[in-house]
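Novice: The structure's right below; bear with me while I get my questions together.
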Amino acid sequence: MSLLDNVWVVLALKLGIAVVVVFAVALVIMFAELKVSAHMQHRVGPYFAGGRWGWAQVFAEALKFLQKEDLTPRDADRPVFRLAPMVSLLATFAVIVIIPLSPKLVAVDLDLGIFYALAAGSVSTIAILMAGWSSGSKYSLIGGLRAGAQLIAYELPLVLAVVGVVIQAGTMSMVGITEAQAQPLFHLGSVGISLPYVLAGQIVGFVIFMIAVLAELVRIPFDMPIAEQELVMGYLTEYSGIRFTMFLLGEYAGMLAMSAIAAVLFLGGYHFWGLNADWFGPFVLLGKALLLVFVMIWFRWTWPRLREDQLQSLAWRWLVPLGLANIAVTAVLKVVL
Amino acid sequence: MSLGDWIGQSENLVFLAVGVVMLAAGFWVVTSRNLVHAVLMLVVALAGSAALFLLLGAEFVAWTVVLVYIGAVVVLFLFGLMITRAPLRRDPLPLDHRRRWPAALVAVAVFATLAYATTAFFGWEQGEAVERSLTGDLGELLFRRFVIPFEAVSFVLLAALIGGIVLARKDPRE
């Protein structure tokens, strides 16, 4: 009878690991955003805090946010205003639960896996609408409206892109999908170039998924809801202090969560040539996820913001039909080959 | 089974807690004077129904409730509210209706019909406990045994969708 047989010990361990890893990686991503954006603009970026490379800058910023006064505007709807950041953070953390770091290191391997992740992630839309409405400011309201329209529009391509993977793998379990990619038969038919662990046939799905993820995270080029030139900060305008930090943390943890899910669905998860998945799995998965996070940051600093109607037509006229075609082709090839 | 035995089982306690929360949230939905608060309480009630499905071992149905009802239907409610009138604090217009008693009557009648139909079909005896249902089994059932009802329902939904578009769209010649 080892200690690991106790349900509560295991639960506490899983919770501890999840919280620590998520916070640590979120800080790393924040730092990467500061540094990468600086170098892309030919600046040095944070330089002095902590000595070398300004590594302590994120801690300084986090402490600064925590010290600030937690304001609630007079015209705000108090309970809803105060609850919204927590709902946002909750939705993000609920998604992280199912990401498999290695064949054994997974908080819960649900049979529904990815379906659960999509369902839990969809709750964050409510949080944004809550924040936009309850702030009692027209900038927030317009930002919330834009965010609502955007998140509804891009949820569809997101789900459609995932359906292709599920058809190909024949399961919705995250571990199952990863293992299916380890087998040579996963990529569409045995024809074509064999690409073990990488984009096994679902290149179209991968592109749709990443575009939809960028829109779901409300990042450039899809950041109309918080467009600072027109809407101050959109639904974040009235937030300050710890509640603003929660939204910020939610965004960076969301980047990590969605990148990790993309890595599991399309890039072979914890598998890599020549590395034992049991031991190196967590590092491989985090590495792949951080690579995708880097691509997201890269997009942010090299693309202009889309216009509202361009955003909607991209989703409904291009991504949704493309996603449907991808499903049809995948299903046909699955049966034929 | 006595009440003591019933309370003694942890699932029943969870069921009781979820039921109480759902009832309170539902009551709030119909009595709140603030439309947005009513919609947010509807989220709590729907989450409670998802929890009930989880208790029954129907994971797929539970997460579908979250994805479709909380993630899409309620978002559309909120969206519609904000685009038309976003009442902060008290709603200036009374949230009441002349025909509230007929509406209550219809609600009670629907509840009675559903409750009677369910109990008449399944009876009061304890059925055999179902383990967690797997999604694959659900798919087999839906697309083999119940494929005709499934297609019929999707046809009705499609008709409703087209009807909605026809109603909402103005004839360009007018």
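Novice: How large is the translational diffusion coefficient of the range A:217-324 in µm² per second when you combine the Kirkwood radius over alpha carbon pairs with Stokes-Einstein at 10 °C and 1.306 mPa s?
Specialist: After rounding, the answer is 99 µm²/s.
Novice: Normalised radius of gyration for chain A, please: alpha carbon Rg relative to 2.2 N^0.38 Å, two decimal places.
Specialist: Ratio of Rg to 2.2 N^0.38 Å for chain A: 1.02.
Novice: Please determine, in degrees from 0 to 90 and to the nearest 10, the orientation of helix A:114-134 with respect to the longest principal axis defined by the Cα atoms of chain A, where the helix direction is its Cα long axis.
Specialist: Compared with the principal axis, the helix lies near 10 degrees.
Novice: How large is Rg over Rh for the range A:88-148, taking Rg from the Cα atoms and Rh as the Kirkwood inverse mean of 1/r across Cα pairs?
Specialist: 1.18
Novice: Using a Gaussian network model of chain A with C-alpha springs under 10 Å, which one of A:Leu145, A:Leu160, A:Leu66 is most mobile by mean-square fluctuation?
Specialist: Judging by the Gaussian network model, the answer is A:Leu66.
Novice: So, one more: From the phi of every residue in the range A:43-51, what ³J(HN,Hα) in whole Hz does the Karplus formula 6.51 cos²θ - 1.76 cosθ + 1.60 yield, where θ is phi - 60° and glycine or proline is x?
Specialist: Going residue by residue, I get 10, 8, x, x, 9, 9, 4, x, x Hz, with x marking Gly and Pro.
Novice: With label points built 7 Å along Cα→Cβ from the Cα atoms of A:Ala49 and A:Ala24, find their separation and express it in nm.
Specialist: 2.0 nm
Novice: What Kirkwood hydrodynamic radius, in Å, does the range A:27-75 give when the mean of 1/r is taken over all pairs of distinct Cα atoms and then inverted? Intermediate values should be presented prior to the final figure.
Specialist: Numbers: mean 1/r = 0.0826 Å⁻¹.
With all distinct Cα pairs of the range A:27-75 included, I get 12.1 Å.
Novice: OK, next. Tell me which of A:Val19, A:Trp316, A:Ile98 sits at the most positive position along the dipole axis of the protein assembly as shown, charges placed on C-beta atoms (Lys, Arg +1; Asp, Glu -1).
Specialist: Of A:Val19, A:Trp316, A:Ile98, it is A:Trp316.
Novice: Here are some pairs, A:Lys64/A:Lys138; A:Lys334/B:Lys170; A:Lys138/B:Lys170; which of them have Cα atoms lying more than 32 Å apart in this structure?
Specialist: The pairs that break the limit, which is 32 Å between Cα atoms, are A:Lys334/B:Lys170.
Novice: Could you state the number of Å between the C-alpha centres of the range A:37-92 and the range A:301-337?
Specialist: What the calculation gives is 33 Å, centre to centre.
Novice: Still on this structure, please answer the following. Rounded, prolate or oblate: pick one for the range B:1-87, where a ≥ b ≥ c are the square roots of the eigenvalues of its C-alpha gyration tensor, a/c under 1.5 means rounded, and failing that, prolate if a/b is larger than b/c, else oblate.
Specialist: Judged from the Cα gyration tensor, the range B:1-87 comes out oblate (a/c at least 1.5, b/c at or above a/b).
Novice: Give me the percent of Cα-Cα pairs in the range A:222-277 that sit more than 14 Å apart, rounded to a whole number.
Specialist: 69 percent
Novice: For helix A:138-169, what angle does its Cα long axis make with the longest principal axis of chain A, in degrees from 0 to 90 and rounded to 10?
Specialist: Helix A:138-169 and the main axis of chain A meet at about 10 degrees.
Novice: Something else about it: Treating the Cα atoms of the range B:131-174 as identical point scatterers in vacuum, please give the log10 of the normalised Debye intensity I(q)/I(0) at q = 0.15, 0.18, 0.21 Å⁻¹, two decimals.
Specialist: -0.57, -0.66, -0.74
Novice: May I ask you to list the trypsin sites (Lys or Arg not before Pro) in the range A:46-146 that are in a DSSP loop and have at most 15 other Cβ atoms within 10 Å of their Cβ?
Specialist: Loop-located and lightly packed - A:Lys68, A:Arg74, A:Lys104.
Novice: Extension gain A:Ala60-A:Trp303, at 0.36 nm per residue separation less the Cα-Cα distance, in nm?
Specialist: Length difference between fully extended and current span is 84.6 nm.
Novice: Using a Gaussian network model of chain A with C-alpha springs under 10 Å, which one of A:Val21, A:Val204, A:Val58 is most mobile by mean-square fluctuation?
Specialist: A:Val21
Novice: Given R₀ = 41 Å, what would the calculated FRET efficiency be for B:Val73 paired with B:Trp124, taking r from the Cβ atoms and rounding to 0.05?
Specialist: After rounding, the FRET efficiency stands at 0.80.
Novice: Which three lengths, in whole Å and largest first, does the range A:39-164 cover when its Cα atoms are put on their principal axes?
Specialist: Computed over the Cα atoms, the extents are 47, 44, 29 Å.
Novice: Have a look at A:Arg317, A:Arg219, A:Arg305 and tell me which one the Gaussian network model of chain A (Cα, springs below 10 Å) gives the largest fluctuation.
Specialist: Largest GNM mean-square fluctuation: A:Arg317.
Novice: I've got another one for you. Using a Cα-Cα cut-off of under 21 Å, which lysines could be cross-linked to A:Lys14, ignoring same-chain neighbours fewer than 8 residues away?
Specialist: Candidates past the 8-residue exclusion: A:Lys104.
Novice: Which value in deg cm²/dmol, rounded to the nearest 500, describes the helix-derived mean residue ellipticity at 222 nm for chain A, given -39,500 (n - 2.57) per DSSP H run of n ≥ 4 and division by the residue count?
Specialist: Computed ellipticity for chain A at 222 nm equals -22000 deg cm²/dmol.
Novice: Follow-up question, since we're still on this one. Let me know the mean shielding of A:124-135 by other chains, meaning the per-residue number of their Cβ atoms within 10 Å of its Cβ. Please list the in-between numbers first.
Specialist: Working: counts 1, 7, 8, 0, 2, 10, 5, 0, 3, 9, 5, 1.
Averaged over the peptide's residues, the number is 4.
Novice: Still on this structure, please answer the following. Hey, what angle do you get for helix A:320-336 against the long axis of chain A, alpha-carbon based, 0 to 90 degrees rounded to 10?
Specialist: Helix A:320-336 sits at roughly 20 degrees to that axis.
Read the figures in this text as sums done on the coordinates, not as results from a lab. As the structure is a prediction and not an experimental result, all values here were calculated from the model. A quick note on method: Cβ atoms are made from the backbone with ideal geometry, for glycine too, and the neighbour counts reach across all protein chains shown.
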